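Data block below; observations after.
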Amino acid sequence: MFRVMEANIASPAALIGDPGRAAMLQALQDGRAHPAGALAWAAGLTAQAASNHLARLVDGGLVSVEREGRHRYYRLASAEVAHALEALACLAAPVRSLEQPRSPQARALRDGRCCYGHLAGRLGIAVTDALVAQGFLCPADDKQYDVSAEGRAWFEDLGLDLDAMRSRRGVARQCLDWTERRHHLAGPLGVSLLSRMVALGWIETVAGSRAARLTTLGREALRKRLGVDLDGVAGREAA
């Protein structure tokens, strides 16, 4: 006899399965809080339809809402929701073949993007691969990365405090990249690294988009500090 699973995966699957709700969830994968109007626009929905869908997502535990005066702002409820969406994207059939022409927006997201606060896409994979090649990170069990002593020194020299990143799910986690089908660095360390690179002017985020671009300064800094050649990796760079 088959054992009945205790987790009711049908409930969140039904919530995600609606195209309008799925589009809003994908828009929220940038890790930021957005008003209902912006999410309605991203999903191509009327304000009333978006409001109804968001209420269901909040009730289902996939989205949280924060009230500021008369305004409401929505964000993904947890990193677990973001990872589940990223994993589902890997299972989904591509909208078009990778060999076919892609829109500028799609190319930008594949080149580099924010994935719930950490760096994803070709740029995220390249940085993660370089960290592993240098021996700063080592893939471990349970979708984790171990940080070596040399890696700790490298991150601390960059201005990151690993001791302040304690997490029950691990400081450095592996996240399966839905465009590249490989793992990039996630978790508190991945979030802090992207935040630091943005502060240093190495990475530039794009307003109104999840896209992230490598700057000329960042290209040279990562070549010098990490020994990685990013020519042709991150698409059109920012000045």
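Above 17 angstrom, tally the Cα pairs of segment 104-226 and express them as a % of all pairs, no decimals.
Of all Cα-Cα pairs in segment 104-226, 53 percent lie more than 17 Å apart.
Rounded to the nearest whole Å³, what is the per residue volume of the convex hull around the Cα atoms of segment 10-77?
So the per-residue Cα hull volume is 73 Å³.
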Mean residue ellipticity (222 nm) of the chain, computed from DSSP H runs ≥ 4 via -39,500 (n - 2.57), nearest 500 = -13000 deg cm²/dmol
Loop-located trypsin sites (Lys or Arg not before Pro) in segment 125-234 whose Cβ has at most 15 other Cβ within 10 Å (DSSP) = 166, 168, 169, 181, 182
How long, wide and thick is the chain, going by the Cα atoms along their three principal axes, in whole angstroms, largest first?
-> 51, 49, 44
Ranked from fewest to most other Cβ atoms within 10 Å of their own Cβ, 191, 228 fall in the order 228, 191
Please give the contour-minus-distance gain from residue 195 to residue 66: 0.36 nm per residue of separation, less the Cα-Cα distance, rounded to one decimal in nm.
-> 44.2 nm
What longest region of the chain stays clear of GluC sites (Glu not before Pro) that DSSP places outside H, G, I, E and B and that have at most 12 other Cβ atoms within 10 Å?
-> 100-239
Separation of segment 68-91 and segment 168-201 by C-alpha centroid, Å?
-> 16 Å
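If you average the sequence gap of Cα pairs under 8 Å that are 6 or more apart and divide by the length of the chain, what percent do you get for the contact order?
Reported as a whole number, the value is 17 percent.
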Any idea what angle helix 47-59 forms with the longest principal axis of the chain, computed on alpha-carbon atoms, 0 to 90 degrees, nearest 10?
-> 70 degrees
Between residue 49 and residue 89, what length comes free when the chain is fully extended (0.36 nm per residue of separation minus the Cα-Cα distance, one decimal in nm)?
-> 12.0 nm
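Since every read-out is calculated from the coordinates, none of them should be taken as a lab result. For clarity, every value in this text was computed on a predicted model and none was experimentally measured. Using ideal geometry, Cβ is built from the backbone for each residue, glycine included, and neighbour counts are taken over all protein chains shown.
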